[in-house]
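The next block holds one structure in the form of structure tokens; read it before the comments.
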């Protein structure tokens, strides 16, 4: 991360000492969103919304500067202060460097950028927090899950070039970088990400495919006691050493694929996206996928829209099977000592084993998440640079989870959690 | 007594009714002015212009779209610096240019440009407030590319090179 600042700084200083053209100049701009919302569930949080009205979850302020000292070379810096971050180490409205890069137009159709960049997972990844740039209150969580928040930016390089065809343009982006961040209780160290995105644009239709390969460490400190217990139990039954590995990811490779389509047809604006995160099978095997489809139709200054989507995160069946197999071996082992050791000692061992097994299954189930969501909303163009939006979202939960709504305590009893929830949000987006 | 009170309230409302009528008439006449303006626009030609020092001789419709949407950042074929200049979005010519030539309505264009600017793809076009400023800018800068409207029978202003032309519907 420091390397990024040093590199961009060095290039900036070097080029500043050149004889700068008279036309070189700075451009300053900014964006802001003021959001207010609530849910109908007090026991759950959606972003940072709960049963009471609050303003931080969607509120954001960003300032950007672009400096072009000479032809072909420019510097871009963007500072963002968010009302809420999924990274517990980031305070409310703490200023973060979102973009900081040097950009070189290498060829007629090619551009190289070096520095702090956005990781281009989804169609709107690069303008995720620029509410003015999309019709919704925020990008649909089914296609833009909060789990991705540690991966939204990287320190690295990307190269974008265009291939102009007769009826369309193909934009190809190649990238490589790294980052580290936290997501709620988890620590994520993205050691390396590389990938390619292909965006083909016709007049009214755009189709995009993205492939990204991540090598990362994923560590959940709250699982440490469980991992210790599993490792201790492996002295009795070696299979538990394997089970312990399921609760973290070391140098794990996760592959990401997504397909998006945006279509303007007969005044309709249709957008659909689907993604899949493919995990390694031998460690934390958490496969998640999501999709949404959105329809918007403008009437003068007002654009009503509807969005449908679904999201599913599953722990691999092999993890449950392995745990069950080890558990059964342990029971067989304990039963084998019946008659050799007193029953009360063996029963106590069995009780410990049951508690350990229940804890491990509970730990795995925390990552079993499924939901379907239905949103209806409208965007109103208040001014040339301001839009007011309101959205009502209904979410149905499945697999005993609470979808993207998070229990206020980890040990929340999932049996008593609601099966659905509703949220309402009103935002004002401004660009300046 | 009560009747005269109602009558007075009615009389008091007259100025407000008058104001509403005036506003209504103003709106209608404004709409008429707009339709007249549109009538004029229908008979004009849009020219995409550059500085005469620019070595490019011609642009296709597709290239014009790419340039004004920021998808083509250097002049095609010659790999030369490009400085796009645009009219402000309150201008009728801006509206017609993007609607008919670039094929993007104003609301969609604003969203597109917000995404373009804040996703680090590049700078937005320089904005000028009138066609005369546009002409002046292109005449002064070798890298500039802009657009102007020409009514039937009018000549292209001196110091400009036309790379693309299309009659507005």
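For the range B:54-89, enumerate the residues that are without any contact (Cβ under 8 Å) to a residue 24 or more places away in the chain, under 24 Å from residue A:204 (Cα atoms) and in a loop (DSSP other than H, G, I, E, B). Once the filter is applied, which keeps residues that are without any contact (Cβ under 8 Å) to a residue 24 or more places away in the chain, under 24 Å from residue A:204 (Cα atoms) and in a loop (DSSP other than H, G, I, E, B), the range B:54-89 yields B:71, B:72, B:76, B:89. Among the residues making up the range B:119-132, those that are buried (at least 16 other Cβ atoms within 10 Å of the Cβ) and not in a loop (DSSP other than H, G, I, E, B) are B:126, B:128, B:131. Restricting attention to the range A:223-237, the residues being assigned to a helix (DSSP H, G or I) and buried (at least 18 other Cβ atoms within 10 Å of the Cβ) number 5. When A:397, A:337, A:341 are screened for being over 21 Å from residue A:148 (Cβ atoms), free of Cβ contacts under 8 Å to residues at least 60 places away in the same chain and surrounded by 13 or more Cβ atoms within 10 Å (Cβ to Cβ), only A:337 passes.
The condition (being buried (at least 17 other Cβ atoms within 10 Å of the Cβ) and farther than 25 Å from residue A:295 by Cβ) is satisfied by just one residue among A:360, A:421, A:384, A:348: A:360. In this structure, residue A:130 does satisfy being touching a helix residue (DSSP H, G or I) at 6+ places or on another chain (Cβ under 6 Å) and either within 22 Å of residue B:111 (Cβ to Cβ) or at pLDDT 95 or above (or both). A residue that is part of a strand (DSSP E or B), touching a strand residue (DSSP E or B) at 6+ places or on another chain (Cβ under 7 Å) and farther than 30 Å from residue A:303 by Cα cannot be found anywhere in the range A:142-150.
Condition check: in a strand (DSSP E or B), at the interface with chain B (Cβ under 10 Å from one of its Cβ atoms), surrounded by 18 or more Cβ atoms within 10 Å (Cβ to Cβ) and within 20 Å of the chain's Cα centre (by Cα). Does residue A:117 satisfy that? Answer is yes for this residue. Once the range A:261-288 is narrowed to residues that are within 14 Å of chain B (Cβ to nearest Cβ) and part of a strand (DSSP E or B), the residue that is surrounded by the fewest Cβ atoms within 10 Å (Cβ to Cβ) is A:265.
Results for (1) more than 9 Å from chain B (Cβ to nearest Cβ); (2) part of a strand (DSSP E or B); (3) closer than 30 Å to residue B:59 by Cβ, shown as yes or no for each residue.
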position: A:100; (1), (2), (3): yes, yes, no
position: A:126; (1), (2), (3): no, no, yes
position: A:129; (1), (2), (3): no, no, no
position: A:163; (1), (2), (3): yes, yes, yes
position: A:172; (1), (2), (3): yes, yes, yes
position: A:181; (1), (2), (3): yes, yes, no
position: A:195; (1), (2), (3): yes, yes, no
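Any residue in the range A:84-97 that is within 13 Å of chain B (Cβ to nearest Cβ), closer than 30 Å to residue B:82 by Cβ, surrounded by 19 or more Cβ atoms within 10 Å (Cβ to Cβ) and in contact with a strand residue (DSSP E or B) (Cβ under 7 Å, 6 or more places away or on another chain)? The answer is no, given that none of the residues of the range A:84-97 is within 13 Å of chain B (Cβ to nearest Cβ), closer than 30 Å to residue B:82 by Cβ, surrounded by 19 or more Cβ atoms within 10 Å (Cβ to Cβ) and in contact with a strand residue (DSSP E or B) (Cβ under 7 Å, 6 or more places away or on another chain). Among the numbered conditions (1) over 20 Å from residue A:162 (Cβ atoms); (2) touching a residue at least 40 places away in the same chain (Cβ under 8 Å); (3) within 10 Å of another protein chain (Cβ to nearest Cβ), the only one that residue A:109 does not meet is (1).
The values are calculated or read from the model by the stated rules, or taken from the named source; none is laboratory data. Just so it is clear, the structure is predicted and the values come from calculations on it, not from any experiment. Positions of Cβ are backbone-derived with ideal geometry, glycine not excepted, and every protein chain shown enters the neighbour counts.
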